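First the structure, in the form of structure tokens, and then the observations on it.
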């Protein structure tokens, strides 16, 4: 599996390369991402282990794919959250995708939220 991950790092799709340009080097809120990382029997596109967040760049072959649903369920059982973005969204709205990822990296406010003046 590791040789495949290495090859995938060296031959990214256009969408993966664009996404990596905003995730690499702690550019997104200081969070460290790794690309084409093996987790269990799977290779994920991008992962931030500190936030337990996986980001996937998907082409049309992933539409309603039962294997992807099973894979996401396994990864979520391991404590990860999985975000999926269509390649076209990454290429045409890179900033919006980056904003969505950054929002997912922010810790959720407690319920009730003292920041909103609730529960005081």
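Give the stretch 23-36 a look and list any residue that's surrounded by 13 or more Cβ atoms within 10 Å (Cβ to Cβ) and closer than 14 Å to residue 51 by Cβ, or say none.
Within the stretch 23-36, 23, 28, 29, 31, 32, 33, 34 qualify.
Scan the stretch 33-54 and give yes if some residue there is more than 10 Å from the chain's Cα centre (by Cα), at pLDDT below 90 and not in a strand (DSSP E or B), otherwise no.
no
Taking the stretch 76-104 on its own, how many of its residues are crowded, with 17+ Cβ neighbours inside 10 Å and over 15 Å from residue 57 (Cα atoms)?
1
Can you name every residue in the stretch 7-21 that is surrounded by 12 or more Cβ atoms within 10 Å (Cβ to Cβ), part of a helix (DSSP H, G or I) and either more than 12 Å from the chain's Cα centre (by Cα) or modelled with pLDDT under 90 (or both)?
8, 9, 15, 17, 18, 21
Just to be sure, is residue 101 at pLDDT 90 or above, farther than 16 Å from residue 12 by Cα, part of a helix (DSSP H, G or I) and out of contact with any helix residue (DSSP H, G or I) (no Cβ under 7 Å at 6 or more places or on another chain)?
yes
Quick one: is residue 67 surrounded by 12 or more Cβ atoms within 10 Å (Cβ to Cβ), at pLDDT below 90, out of contact with any helix residue (DSSP H, G or I) (no Cβ under 9 Å at 6 or more places or on another chain) and not in a loop (DSSP other than H, G, I, E, B)?
Criteria not met by residue 67.
State all residues of the stretch 83-98 that are outside any helix (DSSP H, G or I) and more than 20 Å from residue 44 (Cβ to Cβ); if no residue qualifies, say none.
93 - this is the single residue of the stretch 83-98 that is outside any helix (DSSP H, G or I) and more than 20 Å from residue 44 (Cβ to Cβ).
Sort out which residues of the stretch 22-59 are without any contact (Cβ under 8 Å) to a residue 24 or more places away in the chain and at negative phi, and write them in order of number.
The answer is 24, 27, 32, 33, 34, 49, 50.
The values are calculated or read from the model by the stated rules, or taken from the named source; none is laboratory data. This one's a predicted model, so the numbers in the text were calculated from it and none came from an experiment. Counting neighbours? That spans all protein chains shown, and the Cβs are built from the backbone with ideal geometry, glycine included.
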